[in-house]
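**Student:** One structure, pasted below without further comment.
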Amino acid sequence: MTQRNEKAANYIKELAAEFLGRINNRTSLITVTSATCSSDLKRATVFITVLPTEKERPALEFAKRHRGEFREFLKKTMTTKNIPFIDIAIDLGEKHRQKIDELLRKK
C-alpha cells in the first residue's frame, strides 16, 4: 500500500468512526477498526466490530444502509478529487484475535 493510500484509508477510518458514532441508534457498540483503499482510490472498505456479537448482523445492515449518507459526508469533508465508493465489512481478523485471547485466558 502506498503512503497516499494509507493516508486516505486512515482518514476514511476516522471519518467512518465519527459518522457511525453520530448516527448509531445505540442498540450496539460499533467500532471502526480499520479501512483499506483500492490503488486508484475509487473503492474503500471500512472494517467494523460490533458488541454485543448477537447484534453484529443488524449493525452491519444498519451501517450498509447508511453508506449513501456516509459518502455524502465524505464529499463534504474530504478534499480529494475522487470520493471512493464505500463497502462495510466485519473485521474478522479482530474477531479471531479476540477469540484467541479468550481461549488463552481460560488456560
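**Student:** I need every pair where a residue in the range 86-101 that is surrounded by 11 or more Cβ atoms within 10 Å (Cβ to Cβ) has its Cβ under 8 Å from the Cβ of a residue that is in a helix (DSSP H, G or I) and β-branched (Val, Ile, Thr), sequence separation at least 6 or different chains.
**Tutor:** What qualifies is Ile86/Ile12.
**Student:** Just need a number here: residues in the range 72-85 that are farther than 20 Å from Ser34 by Cβ and either assigned to a helix (DSSP H, G or I) or touching a residue at least 24 places away in the same chain (Cβ under 8 Å) (or both).
**Tutor:** Our first condition is that a residue be farther than 20 Å from Ser34 by Cβ; within the range 72-85, this holds for 72, 75-76, 79, 81-82.
Now restrict to residues that are either assigned to a helix (DSSP H, G or I) or touching a residue at least 24 places away in the same chain (Cβ under 8 Å) (or both): 72, 75-76, 82.
The number of residues fulfilling the criteria is 4.
Condition check ((1) at pLDDT 90 or above; (2) farther than 20 Å from Glu18 by Cβ) across all residues:
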| site | (1), (2) |
| --- | --- |
| Phe47 | yes, no |
| Thr53 | no, yes |
| Pro58 | yes, yes |
| Glu61 | yes, yes |
| Arg65 | yes, no |
| Thr79 | no, no |
| Ile86 | yes, no |
| Gly93 | no, yes |
| Lys106 | no, yes |
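**Student:** If you scan the range 54-66, which residues turn out to be among the charged types (D, E, K, R) and either surrounded by 14 or more Cβ atoms within 10 Å (Cβ to Cβ) or under 15 Å from Asn25 (Cβ atoms) (or both)?
**Tutor:** Answer for the range 54-66, where residues must be among the charged types (D, E, K, R) and either surrounded by 14 or more Cβ atoms within 10 Å (Cβ to Cβ) or under 15 Å from Asn25 (Cβ atoms) (or both): Lys55, Glu56, Arg57, Glu61, Lys64, Arg65.
**Student:** Sort out which residues of the range 1-51 are among the aliphatic types (A, V, I, L, M), in a loop (DSSP other than H, G, I, E, B) and either closer than 17 Å to Leu74 by Cβ or without any contact (Cβ under 8 Å) to a residue 24 or more places away in the chain (or both), and write them in order of number.
**Tutor:** Leu41
**Student:** Separate question: So in the range 1-53, with the set limited to residues that are more than 11 Å from the chain's Cα centre (by Cα) and among the small types (Gly, Ala, Ser), which one is surrounded by the most Cβ atoms within 10 Å (Cβ to Cβ)?
**Tutor:** The extreme case among them is Ala8.
The values are calculated or read from the model by the stated rules, or taken from the named source; none is laboratory data. None of the values given here were measured: they were computed from a predicted structure. Cβ coordinates were reconstructed from backbone atoms using ideal geometry, including for glycine residues, and neighbour counts include every protein chain displayed.
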